[in-house]
Every structure is written in C-alpha cells, then in structure tokens.
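Each remark here refers to the structure printed beneath this line.
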Amino acid sequence: MKRAERIKNYIDEIKSRGVVSQKEFFILANSYEIKNLTARRDLVFLLEKKIISNKYGKIMLWKRNNYLEETRDQKKYLNLDKKAKIAVATNAKIPINKTVFVSAGTTTEEFIKNLKKPIYELFTNSLEVFNLAVKSNYINHLFLIGGKYRGASAALVDKSWFANAGNLTFDLCVITGTNLWEDGHIYNNDKSEAEVIQMVVQRSKQVIVLMDSTKLKHAGYAKVMQLTKNNLLIVDNNLTPEQKSKLELVTELWCV
C-alpha cells in the first residue's frame, strides 16, 4: 500500500472517531495490514506535517486556526479520486497558448499534474503549483506572484502586488476555494488569500472553478466571488439532484 493511500486511511479513521489512542493507532494500522515499523514512520510523518497532534497519547486531527481549517498536507490526501477526475476533465476546457492564472489549492495542484495542453504564460501565487509547473512540458513561461507566505495553503498573499502589475490581465483563471454554498458563493478561510483571488477574477476574461462535492456544505469565512452564468464550475458527480438544480440556476455546471 502506497503512503498516500495509508495516510488517507489514517485520516478517514481518525476523522470518524475524533480521537484515538496511540495503541489504537497501531491496531488501526494492523487492520490495514500495515507493519508496525511502517506505521511508526507514518506516525512521525503525520506529526511532522501537522496533519495530526499527539497530546498525552491522544491522537486527533490537527487544526490550523479558529476556523478549524485543515492544513494543506491534510487536504492533500483527501478525496483523491474526486480531485483526479476534476483535474483530468479540466483539460477539455483550457484554451491553447493563453495567459492563465492558477490559484493555490490541492485540486488546482492536481490540474497542473494532469495538464495536457500548452499554456503560453502561467501565473500563480502557490509555491506548490509553481513547483509542479516547473516540471511541466506544456508551460512556456512561468511566473510566481510574491507576498506573505501562508502555510495553511502554501499560498503567497499580497494584493499590493497587483497594484504594481499595471494592466496585466489573464485570458483564464483556474481557482478553487474552501467552501461552496448552494447559491454559488465561494469562500476561503483566509481574508488576504480571498482578496488576492478576487483581484485575479476581476482581471480574468474567463473563470473556471474546481471544487469537489465535499466542499458544498456551508458558508465560509471570507467570500471570494459569486458564480454567474459566465463562469464554469467543475465538480465531481456526487451532488444531490437538489444541489445540482440550485447550482445550475446560477452558473454553468459540469459534473464529472
């Protein structure tokens, strides 16, 4: 079993139970036929990445701030199948050889991993997206937008960068968020990051939003944008009929 699959299993089990003891963690690992030595290494990895905390022998998922935001390393192992489907499908909607902005997020990271169309210029405020884009053969010119580093999402957030960007515009922006409400409002758990994405949306001719269905739950902290019929929302095919109907009233919806 690969590490990503093991980590996903740990997270799912701890999330469902709330708290597990260290002894229960190893019993859990054994139930997946994971050897004790491997489980110990996984436990160290989970602690180092701040995916879990282990206080007085009680293991629970680690929370970043008062808004109970999951860390990027924790999100990375969640809903992998949904994110992969969304990422692959997005290729069909990407125009060739255009200027594109890609926001921070584990779903947008998957998009870059699965990119199969040439992009003339790619701008991003995400260190993780940037590092993946460097390895891509489909990107001609790559730009990293600077700012204060936000560890929870590996994003650089500084809206003043745009004040010095002149008339820079994007043919397309590919973004995501932490929450999606049924009325089409997209949220982020950080105000500064939300403000950066807002400015990107304002400078973009086309907006594609990538969100897996688990994010369709409730309003978030900082509003990023309101989806319109001019935008495209790509989501996995796990929405209820009622959710689909509500979203189709406000935006172009593609379930994959």
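The values are calculated or read from the model by the stated rules, or taken from the named source; none is laboratory data. Everything numeric here is computed off the predicted structure, so don't read it as measured data. When we count neighbours, we look across all protein chains shown, and the Cβ atoms used for this are built from the backbone with ideal geometry, even at glycine.
Being more than 12 Å from Phe101 (Cα to Cα) and part of a loop (DSSP other than H, G, I, E, B) is the filter here; which residues of the range 164-206 pass it?
Result: Asn164, Ala165, Gly166, Asn167, Gly177, Thr178, Trp181, Glu182, Asp183, Gly184, Asn189, Asp190.
Can you spot a residue in the range 143-163 that is in a strand (DSSP E or B), under 16 Å from the mean Cα position of the chain (by Cα) and farther than 24 Å from Leu122 by Cβ?
Checking the range 143-163: not a single residue is in a strand (DSSP E or B), under 16 Å from the mean Cα position of the chain (by Cα) and farther than 24 Å from Leu122 by Cβ.
Restricting the search to the range 33-53, which residues are at pLDDT 90 or above and under 27 Å from the mean Cα position of the chain (by Cα)?
If the condition is that a residue be at pLDDT 90 or above and under 27 Å from the mean Cα position of the chain (by Cα), then Ala39, Arg41, Asp42, Leu43, Val44 are the ones that fit.
If the requirement is being under 21 Å from Phe111 (Cβ atoms) and crowded, with 17+ Cβ neighbours inside 10 Å, which of these qualifies: Thr176, Thr169?
Thr176
Give the range 116-136 a look and list any residue that's surrounded by fewer than 24 Cβ atoms within 10 Å (Cβ to Cβ), of a type in the set (A, V, I, L, M) and within 16 Å of the chain's Cα centre (by Cα), or say none.
Passing the criteria: Leu127, Leu132, Ala133.
Only residues in the range 102-120 that are closer than 27 Å to Asp190 by Cα count as the first member; pair them with residues that are assigned to a loop (DSSP other than H, G, I, E, B) and among the charged types (D, E, K, R), Cβ under 7 angstrom, at least 6 apart or cross-chain, and list the lot.
Short answer, once both residue conditions are applied: Thr106/Lys76; Thr107/Asp212.
Which pairs turn up if I take residues in the range 11-22 that are within 11 Å of Ile52 (Cβ to Cβ) and look for partners that are among the aromatic types (Phe, Trp, Tyr) and not in a helix (DSSP H, G or I) with beta carbon separation below 8 Å, at least 6 apart in sequence or on another chain?
Ile11/Tyr77
Considering Asp81, Asp73, which residue is farther than 15 Å from Tyr138 by Cβ, among the acidic types (Asp, Glu) and at pLDDT below 75?
Selected residue: Asp73, the only one of Asp81, Asp73 that is farther than 15 Å from Tyr138 by Cβ, among the acidic types (Asp, Glu) and at pLDDT below 75.
For residues that are touching a Phe, Trp or Tyr at 6+ places or on another chain (Cβ under 9 Å) and within 19 Å of Asn125 (Cα to Cα), scanning just the range 209-224, find the one that is surrounded by the fewest Cβ atoms within 10 Å (Cβ to Cβ).
Ranking the qualifying residues of the range 209-224, first place goes to Lys223.
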